[in-house]
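These notes concern the structure reproduced below.
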Amino acid sequence: MNLRVLYFARLREHFGLAEENVDFAGATAADLVAQLQARGGVWAEELAAGRAFRVAVNQDIVTLDAILPDHAEVAIFPPVTGG
Amino acid sequence: MKILVQAEAFDLGAEVNAISQGHTDIGAIASFVGLARDSNEGSGVQAMTLEHYPGMTEKALAALVDEARSRWALLDVTVIHRVGRLLPGDSIVLVAVASSHRGEAFAACEYIMDALKTRAPFWKKEETPEGERWVDARVSDDAAAARWTDS
């Protein structure tokens, strides 16, 4: 399936990428994170176990066991710091 | 209800007047304004830039305002959050809540700010004499948001 994946704040800067289309063969948000980690480098570093990041699917924050629908808009970003 | 994400400054007085105009059932309006400070974590802060996730930001703010309205009897709510580059002393966020009595207004205003701090997709980047840095989320913000689910 195909996903539109967005990155924000520190992750956007470190990845050097604001958004991309990802061809995804897995099922859950955790599978997507694992697929991105496998790219190595900054991807492995920022998405390593124990690093704080959040995942939103179609603009709702989800837990890593969430199932990703085809053509979902998935966003990965650091914990929020507004207000 | 009014929820805005904007670069422009806002006027607290004008927003409070807009809420009360023509409404004689309102007995209390509680408001909160967050400002950009000139220091954080022991460093001077010369400016900050607020990034957000267009689309999700408005959706997340609307969701937490709805939660507040289901918890307390509220007559009106205004939330305005600024984005872009801000200087020390600039306002960042406004929450104003109207109700018949002060208890609901105070509680809902604090609830909305606590929820916004942990769930609305905004990120601050500070300019300091040592360079630029992204602000880390605070554990105290998670604790402040969590106390509303504990009670």
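Quick notes on this one:
The rows are residues; the columns are (1) loosely packed, with under 14 Cβ neighbours inside 10 Å; (2) more than 21 Å from B:V135 (Cβ to Cβ); (3) in contact with a Lys or Arg (Cβ under 8 Å, 6 or more places away or on another chain).
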site	(1), (2), (3)
A:L3	no, yes, no
A:F15	no, no, no
A:N21	yes, yes, yes
A:V33	no, yes, no
A:L36	no, yes, no
A:R39	yes, yes, no
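- Identity of the residue in the range B:113-135, part of a strand (DSSP E or B) and more than 7 Å from chain A (Cβ to nearest Cβ), that ends up surrounded by the fewest Cβ atoms within 10 Å (Cβ to Cβ): B:G131
- Scanning the range B:11-57 for residues that are more than 18 Å from B:L75 (Cβ to Cβ) and crowded, with 19+ Cβ neighbours inside 10 Å gives B:A36, B:V45, B:M48, B:L50, B:E51, B:H52, B:Y53, B:M56, B:T57.
- B:L86 vs. criteria of a type in the set (A, V, I, L, M, F, W, C) and touching a helix residue (DSSP H, G or I) at 6+ places or on another chain (Cβ under 7 Å): no
- Selection within the range B:1-41 - within 12 Å of B:V95 (Cβ to Cβ) and either free of Cβ contacts under 8 Å to residues at least 24 places away in the same chain or of a type in the set (D, E, K, R) (or both): B:K2, B:E15
The numbers here are math on the coordinates, done by the rules we state, and not lab data. Please read these numbers as outputs of a predicted model, since none were measured by experiment. Positions of Cβ are backbone-derived with ideal geometry, glycine not excepted, and every protein chain shown enters the neighbour counts.
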